[in-house]
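A.B. asks: Can you keep this structure in mind? I'll have questions shortly.
The values are calculated or read from the model by the stated rules, or taken from the named source; none is laboratory data. Not measured: the values here are computed from a predicted model. Every residue, glycine as well, gets a Cβ built from its backbone with ideal geometry; the counts of neighbours run over all protein chains shown. Quick note on the areas: whole protein, heavy atoms, side chains included, nothing else; ligands and nucleic acids left out. Shrake-Rupley method; radii C 1.70, N 1.55, O 1.52, S 1.80 Å.
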Amino acid sequence: MASRSYANLLDLAGDLLDIPHTPRTIPRIMTVPGVISDLDASGRYDGDSDVSSSGYRERKILVANMLPLQAKRDIDTGKWCFSLDEDSILLQLKDGLPSDTEVIYVGSLKVEIEAHEQEVVAQKLLEDFNCIPTFLPHDLMKNFYLGFCKQQLWPLFHYMLPMFPDHGERFDRTLWKAYVSANKIFADKVMEIINPDDDFVWVHDYHLMVLPTFLRKRYNRVKLGFFLHSPFPSSEIYRTLPVRDEILRGLLNTDLIGFHTFDYARHFLSCCKRMLGLDYESKRGHIGLDYFGRTIFIKILPVGIHMGRLESVLNLQSTTAKLKEIQEEFKGRKVILGVDDMDIFKGISLKLLAVEQLLEQNRDLKGKVVLIQIVNPARSSGKGVQEAKRETYSIAQRINDTYGSNHYQPVILIDRPVPRFEKSAYYAVAECCIVNAVRDGMNLVPYKYIVCRQGTAQMDKALSRKSDSPRTSTIVVSEFIGCSPSLSGAIRVNPWNIDAVADALYSAVTMHDSEKQLRHEKHYRYVSSHDVAYWARSFMQDLERACKDHYTKRCWGMGLGLGFRVVSLSPGFRKLSVDHIVSAYKRTGKRAIFLDYDGTIVSKSSINKTPSPEAISVLNDMCNDPKNTVFIVSGRARDSLSKWLTSCKRIGLAAEHGYFLRWNKDSEWETSQLSSEFDWKKIVEPVMKLYTEATDGSNIETKESALVWHHEDADPDFGSCQAKELLNHLESVLANEPAVVTRGQHIVEVKPQGLNKGLVAEKILSTMVNSGNPPDFVMCVGDDISDEDMFESILRTVSCPSLPVVPEIFACTVGQKPSKAKYYLDDSADVMKLLQGLGGSSKPKPRHLAQFQVSFESTV
């Protein structure tokens, strides 16, 4: 039975619900005769290929829950007939790609295909539409889509928590297994056709958020993008999901993650920071997350509409005829239009309450204003949808009974499938469009309304309308939907505030035509230039940029199950081998060794900062070797270091980044000559106290030469925000003082100008050279950004021509991250193993063993 941690889900996903692994019946696609990716006997691609693939056409693999196809069975022949779904965004985004790009679609069909028909259907879809169907088994599809996606992810991403059993479905691990299994099947289908060196994979929406983990495990350098078409909730909501880390890590196995709005992206970044401890930064205008040496970029761009598709519908005679019919029916009345799915998040009932309030407060509008609410079929079923439908009809009936008459109904509900041409006609007639959703990912209704109000030249001719006649439109839009930020001329509302929505509707229907025209023109310029092609082109350009350095770094996978990730580091950056350094250690005669303290000798997570007995023992072994000069170089105060390392009599200490230096326990402390004036402390301390009082969990550390503001125990987001503000504040007040402000991991420190660990290393090395003991072995180990100065200084100093021999250098950072060091160790435990290896080599061998070794060597 699989463990609850799901460490083995990557290998067992296909068996979790007794589902057979996906049969590999579809061959890898050849786009150039005679050129095909390297496969092993099982049909699997054997790692990242080094074979040139310059002969391939550019290919994009688009992966989504549903293929952009319509399917129906022919009544006469009994065969399946398929056609392209022209309204699918997957199909429309192709317009934003180069014309010679081959696009392959991977996803499920909207109908269930019997097992004996699947091979024939798959071949037909591949040949006719470049589509690869997944054919999820019925029970898996039910638990995956209707279960985990619709009952758990969809409500959660729309801020609905299952507080009670009858208010949403609580987390069900069986449904989660189905979600993982389905994602694995989708990933298998991609693996059957991908050429990982050249193809780009673009995964769409919340149904497939762990799919990137499967692909990244198989192909470490796969070029992979993901776009979320739904909202991403705040961390307070998202953190309630029991599998939150697995999903976050799945998304982080992509190269580029797209969101409709900055709010959604900000929530995602906050979750990564709070739950995974990852920081982000803006790199030349692009937001990037560093994840084990890989930079995952964040893209913020709302999707657009397909202008040509919508304009072609407006040019239909049926559209013009319907438009004239609607104009005649509602002549003399102002039409407010709503187009929404029957969904608990669309706010239809709140919209009706606002209309009721509008008519109650403005009796003169009776008979002059009508709301036409088109209700699209619900995409999911459940108690909530039925309740929403009952409430909608109840309120509409009440409004019509109160304010209607024999010839006038204030609210008209159209609850049936509405053809595209008819819907476009209603858009074109309406003077105001209202989208009142309480939460929605994007919602393109306002965009479609704007284009339909603009019309086309052919439509103008059919309506006998001048082509240069002014066009107007007004939009009332909820501030909780994705399109809201892009509609700067819309009237934004809080859908829960009925009075405010009623006032917005009144403003919309009474607005002057000149104002309506200005707002419409502004919106139309944006919508027409930021269409679906622009969105797709922009996303793919950013994805290509995000992947351009894939082959300049070394990559390898680590982690089990859905915790898998790829470590990506520069070619010259590698893990320090204990055997390698011990060998160099043994053959050298004069060694300089520099060690950081926190995060190196002792773990950063340890509350007790006193080194372990094992650490003390190994440090003494190294210090007792007359060939060694060993220094602890730390930002810690000298009293603390002296106390913790009192058992190491021969170790050198450089405290407070080298402001104080002592060669051994018996020697006096030397003080840096850089600065002896600390008047700036009187300026800094009140400022730090101000931020400490305002930031719960922060504190001030007072050193002899420095002041440090710590925010490790504060709220991650607030602490980081306050640290940035404090940094700027201190830099401004210390502009003319001999002090420098630096920001480290969870700290802001003010110290004397010019003071850093690099100067310590330079001083010690130069002292050794001047005393006639130039080192032929230099090792430096540290984990913090302040240690980078030491790495740089060592590399610079040892290349000095005054040295009689170039020493062997081992600059080593703790943790796999970008660094000036050439080597890395994973953590402080690895450091201790390294020091134990060196300490063991420094210990003198017992006399009888030494004699035995000499005798053995002479015999050999």
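A.B. asks: Can you name every residue in segment 346-395 that is β-branched (V, I, T) and in a helix (DSSP H, G or I)?
C.D. replies: Step one: of segment 346-395, the residues β-branched (V, I, T) are 348, 355, 369-370, 372, 374-375, 385, 392, 395.
Selection gives I348, V355, V385, T392, I395.
A.B. asks: Another question, then. Could we say that V180 is in contact (Cβ under 8 Å) with a residue 12 or more places away in the chain, buried (at least 22 other Cβ atoms within 10 Å of the Cβ) and over 19 Å from E246 (Cβ atoms) here?
C.D. replies: Working: in contact (Cβ under 8 Å) with a residue 12 or more places away in the chain: yes; buried (at least 22 other Cβ atoms within 10 Å of the Cβ): yes; over 19 Å from E246 (Cβ atoms): no.
No: the conditions fail for V180.
A.B. asks: Restricting to segment 203-249, what's the tally of residues that are within 20 Å of M66 (Cβ to Cβ) and part of a helix (DSSP H, G or I)?
C.D. replies: Number satisfying all stated conditions: 7.
A.B. asks: Any idea which of Y585, Y534, Y506 is open to solvent by 40 Å² or more (accessible area, probe 1.4 Å), in a helix (DSSP H, G or I) and in contact with a Leu (Cβ under 7 Å, 6 or more places away or on another chain)? Even if it seems obvious, please write down each step before you answer.
C.D. replies: On the way: Y585 fails: open to solvent by 40 Å² or more (accessible area, probe 1.4 Å); Y534 fails: in contact with a Leu (Cβ under 7 Å, 6 or more places away or on another chain).
Exactly one of Y585, Y534, Y506 is open to solvent by 40 Å² or more (accessible area, probe 1.4 Å), in a helix (DSSP H, G or I) and in contact with a Leu (Cβ under 7 Å, 6 or more places away or on another chain), namely Y506.
A.B. asks: Can you confirm whether segment 661-675 contains a residue that is touching a residue at least 12 places away in the same chain (Cβ under 8 Å) and surrounded by 21 or more Cβ atoms within 10 Å (Cβ to Cβ)?
C.D. replies: Initially, segment 661-675 is screened for residues touching a residue at least 12 places away in the same chain (Cβ under 8 Å), giving 661-662, 664-666, 669, 671-672, 674-675.
So of that shortlist, the ones also surrounded by 21 or more Cβ atoms within 10 Å (Cβ to Cβ) come out as 661.
Yes, segment 661-675 contains at least one residue that is touching a residue at least 12 places away in the same chain (Cβ under 8 Å) and surrounded by 21 or more Cβ atoms within 10 Å (Cβ to Cβ).
A.B. asks: Is there a residue being touching a strand residue (DSSP E or B) at 6+ places or on another chain (Cβ under 9 Å) and at pLDDT below 90 anywhere in segment 111-125?
C.D. replies: no
A.B. asks: Which of (1) crowded, with 18+ Cβ neighbours inside 10 Å; (2) modelled with pLDDT under 95; (3) among the aliphatic types (A, V, I, L, M) does L276 not meet, given it meets every other one?
C.D. replies: L276 satisfies all of (1) crowded, with 18+ Cβ neighbours inside 10 Å; (2) modelled with pLDDT under 95; (3) among the aliphatic types (A, V, I, L, M) except (1).
A.B. asks: Across segment 775-798, which residue is farthest from the chain's Cα centre (by Cα) among those that are closer than 13 Å to D596 by Cβ and not in a helix (DSSP H, G or I)?
C.D. replies: If we take residues in segment 775-798 being closer than 13 Å to D596 by Cβ and not in a helix (DSSP H, G or I), then M779 is farthest from the chain's Cα centre (by Cα).
A.B. asks: Let me ask something additional. Within segment 537-556, track down each residue that is open to solvent by less than 80 Å² (accessible area, probe 1.4 Å) and assigned to a helix (DSSP H, G or I).
C.D. replies: Once the filter is applied, which keeps residues that are open to solvent by less than 80 Å² (accessible area, probe 1.4 Å) and assigned to a helix (DSSP H, G or I), segment 537-556 yields S538, F539, M540, D542, L543, E544, R545, A546, C547, H550, T552.
A.B. asks: In addition: State which residue is modelled with the highest pLDDT when the search covers only segment 413-423 and only residues that are in contact with a strand residue (DSSP E or B) (Cβ under 6 Å, 6 or more places away or on another chain) and open to solvent by 40 Å² or more (accessible area, probe 1.4 Å).
C.D. replies: Just the residues of segment 413-423 that are in contact with a strand residue (DSSP E or B) (Cβ under 6 Å, 6 or more places away or on another chain), to begin with: 413-415, 418.
Now restrict to residues that are open to solvent by 40 Å² or more (accessible area, probe 1.4 Å): 413, 415.
On the way: L413: 96, D415: 93.
The residue in question is L413.
A.B. asks: Quick check, is I104 within 30 Å of the chain's Cα centre (by Cα) and open to solvent by less than 30 Å² (accessible area, probe 1.4 Å)?
C.D. replies: When the stated conditions are applied, I104 passes them.
A.B. asks: When G572 is evaluated against the numbered criteria (1) in contact (Cβ under 8 Å) with a residue 40 or more places away in the chain; (2) over 29 Å from G744 (Cβ atoms), which criterion, by number, is the only one it fails?
C.D. replies: (2)
A.B. asks: Could you tell me which numbered condition S568 fails, if it satisfies all but one of (1) buried (at least 16 other Cβ atoms within 10 Å of the Cβ); (2) modelled with pLDDT of 90 or more?
C.D. replies: (2)
A.B. asks: Do we find that T629 is out of contact with any Asp or Glu (no Cβ under 8 Å at 6 or more places or on another chain), surrounded by 18 or more Cβ atoms within 10 Å (Cβ to Cβ) and either in the same structural domain as M790 (by the TED database) or in a loop (DSSP other than H, G, I, E, B) (or both) in this structure?
C.D. replies: Working: out of contact with any Asp or Glu (no Cβ under 8 Å at 6 or more places or on another chain): yes; surrounded by 18 or more Cβ atoms within 10 Å (Cβ to Cβ): yes; either in the same structural domain as M790 (by the TED database) or in a loop (DSSP other than H, G, I, E, B) (or both): yes.
The answer is yes for T629.
A.B. asks: Then there's this: Is there a residue being closer than 22 Å to T510 by Cβ, among the basic types (K, R) and modelled with pLDDT under 95 anywhere in segment 343-365?
C.D. replies: Taking every residue of segment 343-365 in turn, at least one turns out to be closer than 22 Å to T510 by Cβ, among the basic types (K, R) and modelled with pLDDT under 95.
A.B. asks: When segment 699-718 is examined, which residues are found to be open to solvent by 30 Å² or more (accessible area, probe 1.4 Å), under 20 Å from F678 (Cα atoms) and at pLDDT below 90? Show your work before the answer.
C.D. replies: Quick first cut of segment 699-718, residues open to solvent by 30 Å² or more (accessible area, probe 1.4 Å) only: 699-702, 704, 710, 712-713, 715-718.
Keeping just the survivors that are under 20 Å from F678 (Cα atoms) gives 700-702, 704.
Listed by number, the list holds a single entry, E704.
Residue-by-condition table, conditions (1) surrounded by fewer than 24 Cβ atoms within 10 Å (Cβ to Cβ); (2) in a loop (DSSP other than H, G, I, E, B); (3) touching a strand residue (DSSP E or B) at 6+ places or on another chain (Cβ under 6 Å); (4) outside the structural domain of K322 (by the TED database):
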residue	(1), (2), (3), (4)
A425	no, no, no, no
I434	no, no, yes, no
V438	yes, yes, no, no
V451	no, no, no, no
S464	yes, yes, no, no
S469	yes, yes, no, no
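A.B. asks: For segment 204-218, name all the residues that are of a type outside the set (A, V, I, L, M, F, W, C) and crowded, with 24+ Cβ neighbours inside 10 Å. First the steps, then the outcome.
C.D. replies: Going residue by residue through segment 204-218, those that are of a type outside the set (A, V, I, L, M, F, W, C) are 204-207, 212-213, 216-218.
Within segment 204-218, H207, P212, T213, R216 qualify.
A.B. asks: Checking the conditions here, which among G404, G382 is on the phi > 0 side of the Ramachandran plot and open to solvent by less than 70 Å² (accessible area, probe 1.4 Å)? Walk me through it before giving the result.
C.D. replies: On the way: G404 fails: on the phi > 0 side of the Ramachandran plot.
Checking each option against the conditions leaves just G382.
A.B. asks: Report yes if some residue within segment 323-341 is free of Cβ contacts under 8 Å to residues at least 40 places away in the same chain and either part of a strand (DSSP E or B) or surrounded by 18 or more Cβ atoms within 10 Å (Cβ to Cβ) (or both); otherwise report no.
C.D. replies: yes
A.B. asks: Is it true that some residue in segment 719-728 is open to solvent by less than 20 Å² (accessible area, probe 1.4 Å), more than 30 Å from K649 (Cα to Cα) and assigned to a loop (DSSP other than H, G, I, E, B)?
C.D. replies: No.
A.B. asks: Any idea how many residues of segment 756-774 are without any contact (Cβ under 8 Å) to a residue 24 or more places away in the chain and assigned to a helix (DSSP H, G or I)?
C.D. replies: Pass one, segment 756-774, residues without any contact (Cβ under 8 Å) to a residue 24 or more places away in the chain: 767, 770-772.
Next, only the ones that are assigned to a helix (DSSP H, G or I) stay: 767, 770.
Residues that pass the stated criteria total 2.
A.B. asks: So, S720, is that one over 28 Å from the mean Cα position of the chain (by Cα) and of a type in the set (S, T, Y) or not?
C.D. replies: Numbers: over 28 Å from the mean Cα position of the chain (by Cα): no; of a type in the set (S, T, Y): yes.
It is false that S720 is over 28 Å from the mean Cα position of the chain (by Cα) and of a type in the set (S, T, Y).
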